[in-house]
Amino acid sequence: MKGSLDILLGLQWGDEGKGKVVDYLAPNYQMVARFQGGPNAGHSLVFNGSKFVLHTIPSGIFRESCINFIGHGVVIDPITLRQEVEAVQKAGVSTQGRLFIARKAHLIIPTHKVLDAASEQAKGRQRVGSTLRGIGPAYMDKTGRNGLRVGDIYSAGFEKKLRALMDKHRLLILSMKYDPPEWPSLDPWLEAVDQLRRMDVVDGEYFIYEKIQEGARILAEGAQGTLLDIDHGTYPYVTSSSTVAAGACLGLGLPPSAVRNVFGVFKAYCTRVGSGPFPTEQTDETGHLLRTKGHEFGATTGRPRRCGWLDLVALRYAIMVNGVNHLMMMKADVLSGLPQVKAAVAYDLEGTRRNDFPFDLTELDVRPIYKEFPGWETICTEGCTFSKEFMDFLAYIERVTRLPVNLVSYGPDRQHTCIRKDVSLVEGSV
Ligand code: IMP
């Protein structure tokens, strides 16, 4: 294989700041590819002083030299995709010949969103806190072998199949005793599908294989995070796709032998949006401070994010299941100015010290065991010289994870990034 695949993904509950790193690293790659999730993701990046939130389009779109690929592991809402394409084009960025979509990607149809709401209502207090973008129901139809794929939109029988699936959804929704405020209209969705027909839809596996044969370096961009993974996350409070490194091979159609590096992105603290266990959550002044300083409000839904200290038990678990070989720390500046910084090094479960991430975190009353670090006023001066206190915090993380933190981000702009080692040029094996 002449080219290679590097995978960049989140090691927490999403919102780690992956979009910024992908945008930063993109010039070193010929292609950026999304492999899972859908418009539940919100990758924020700052371009020419304006903030953009990408939900479906890969974060390499603002780098001229990069082509962008939406793999078949992604679920696509044609309306969101259309709006995003228009916003990007309005900013003077061309998508022509730069954005490719796999024929086998599944479609989110209007009733998927209603089903999402119905399912959350039925769950009551156990609701997942879904973004209600129809992600779960679209993946359910995929695995239930009822779904519609991008390639289907070219067939004569498409509208008939679509209406039959929507009728089926209607019955299901009514059987769940859910009464939607209004049934979505199909017209705007069909108009967006019309636009999708004119986009660059490709046979994904062949497309990406050929690029690799031509020697392309590809960066796979994860959405959500490891702790929201359908298998490895805090089930059932998870999303419906494979957010881990193995998901990149599945969702793009590339073999594991193509993988060169796995970049694990984490925030210097933790956040979670939606329900589910979060051992290091701080509901007091500290949580409030992290949320305000870190602007921790959902990029897709605007919901306030739950905030807490860095959890090294969860981080080590995420590193293990993904085979991470380079760490990247985001939002380190948010901790500046705190008198003291904490990180969970183990859990206390009814008097027993646990270093592993327990199976049933939803039921167990785990108490984090914290290590405390002296705080720092300013994280670094010009030229990425870090304060001694921050270096001590970083060195401790590197020691317990046994991995180098090769990139530290300390602000939203591209220039607020310290590369401790040029990760994209490092030849590494997992
Ligand atoms: P869904 O995938 O929209 O159904 O949401 C399932 C769970 O994953 C909820 O707790 C969401 O808040 C969470 N989630 C989904 N997408 C993201 C994301 O991009 N960032 C953070 N959390 C997310």
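The values are calculated or read from the model by the stated rules, or taken from the named source; none is laboratory data. What you are looking at is a predicted structure, and each value in this text was computed from that prediction instead of being measured. Note that each Cβ is placed from the backbone with ideal geometry, even for glycine, and that neighbours are counted across all protein chains shown. The accessibility values were calculated without ligands, DNA or RNA, using every heavy atom of the protein model including side chains. Shrake-Rupley method; radii C 1.70, N 1.55, O 1.52, S 1.80 Å.
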Which one of 35, 69 is within 16 Å of the ligand (Cβ to nearest atom), under 14 Å from residue 219 (Cβ atoms), in contact with a helix residue (DSSP H, G or I) (Cβ under 9 Å, 6 or more places away or on another chain) and not assigned by TED's automatic domain parsing to the domain that holds residue 137? 35
May I ask you to list pairs of residues, at least six apart or on different chains, whose Cβ atoms are under 7 Å apart, with the first in the stretch 403-419 being within 14 Å of residue 294 (Cα to Cα) and the second being part of a loop (DSSP other than H, G, I, E, B) and open to solvent by 50 Å² or more (accessible area, probe 1.4 Å)? 409/331; 409/416; 410/416
Go through (1) away from the ligand (no atom under 12 Å from the Cβ); (2) at positive phi and name the single condition residue 265 misses. (2)
Can you pull out the residues in the stretch 313-325 that are within 16 Å of the ligand (Cβ to nearest atom) and over 23 Å from residue 5 (Cα atoms)? 314
What's the number of the only condition in (1) more than 14 Å from the ligand (Cβ to nearest atom); (2) open to solvent by less than 20 Å² (accessible area, probe 1.4 Å); (3) not assigned by TED's automatic domain parsing to the domain that holds residue 218 that residue 244 fails to meet? (3)
Which pairs do you get when a residue that is in the same structural domain as residue 370 (by TED's automatic domain parsing), found in the stretch 276-299, comes within reach of a residue that is part of a helix (DSSP H, G or I) and more than 16 Å from the ligand (Cβ to nearest atom), reach meaning Cβ atoms under 7 angstrom, with the pair 6+ apart or on two chains? 281/287; 290/334; 293/334; 294/334
In the stretch 199-231, which residues are under 22 Å from residue 2 (Cβ atoms) and touching an Asp or Glu at 6+ places or on another chain (Cβ under 8 Å)? 217, 218, 219, 220
All strands (runs of 3 or more DSSP E) inside the stretch 273-355 with 2 or more residues being under 22 Å from residue 412 (Cβ atoms): 306-308, 326-330
Name every residue in the stretch 118-139 that is assigned to a helix (DSSP H, G or I) and either within 11 Å of the ligand (Cβ to nearest atom) or more than 24 Å from residue 175 (Cβ to Cβ) (or both), in order of residue number. 119, 120, 135, 136, 137, 138, 139
Which numbered condition trips up residue 253, out of (1) in the same structural domain as residue 347 (by TED's automatic domain parsing); (2) on the phi > 0 side of the Ramachandran plot; (3) modelled with pLDDT of 95 or more? (1)
Filter the stretch 373-387 down to the residues that are under 26 Å from residue 313 (Cβ atoms) and not small (Gly, Ala, Ser), then identify the one that is surrounded by the fewest Cβ atoms within 10 Å (Cβ to Cβ). 374
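Okay, residues lined up against (1) under 20 Å from residue 400 (Cα atoms); (2) within 16 Å of the ligand (Cβ to nearest atom); (3) of a type in the set (Asp, Glu); (4) buried (at least 18 other Cβ atoms within 10 Å of the Cβ):
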| residue | (1), (2), (3), (4) |
| --- | --- |
| 276 | no, yes, no, yes |
| 280 | yes, no, no, yes |
| 283 | no, no, no, no |
| 297 | no, yes, no, no |
| 311 | yes, yes, yes, yes |
| 327 | yes, no, no, yes |
| 334 | no, no, no, yes |
| 347 | yes, no, no, yes |
Verdict on residue 115 being assigned to a helix (DSSP H, G or I), within 28 Å of residue 235 (Cβ to Cβ), more than 16 Å from the ligand (Cβ to nearest atom) and at pLDDT 95 or above: no
Residues in the stretch 211-234: is at least one under 16 Å from residue 102 (Cα atoms) and open to solvent by 20 Å² or more (accessible area, probe 1.4 Å)? yes
I'm told residue 76 meets every condition in (1) touching a Phe, Trp or Tyr at 6+ places or on another chain (Cβ under 8 Å); (2) open to solvent by less than 10 Å² (accessible area, probe 1.4 Å) except one. Can you identify the failing condition by its number? (1)
Hits in the stretch 33-71 (condition: within 19 Å of residue 15 (Cβ to Cβ), assigned to a strand (DSSP E or B) and open to solvent by less than 10 Å² (accessible area, probe 1.4 Å)): 34, 37, 45, 54
Of the conditions (1) open to solvent by 50 Å² or more (accessible area, probe 1.4 Å); (2) not in a strand (DSSP E or B), residue 367 satisfies every one except a single condition; which number is it? (2)
Tell me which residues, restricted to the stretch 19-32, are farther than 22 Å from residue 215 by Cβ and open to solvent by less than 10 Å² (accessible area, probe 1.4 Å). 19, 21, 23
Residue 91: passes all of (1) under 20 Å from residue 415 (Cβ atoms); (2) free of Cβ contacts under 8 Å to residues at least 60 places away in the same chain; (3) within 16 Å of the ligand (Cβ to nearest atom) but (3)
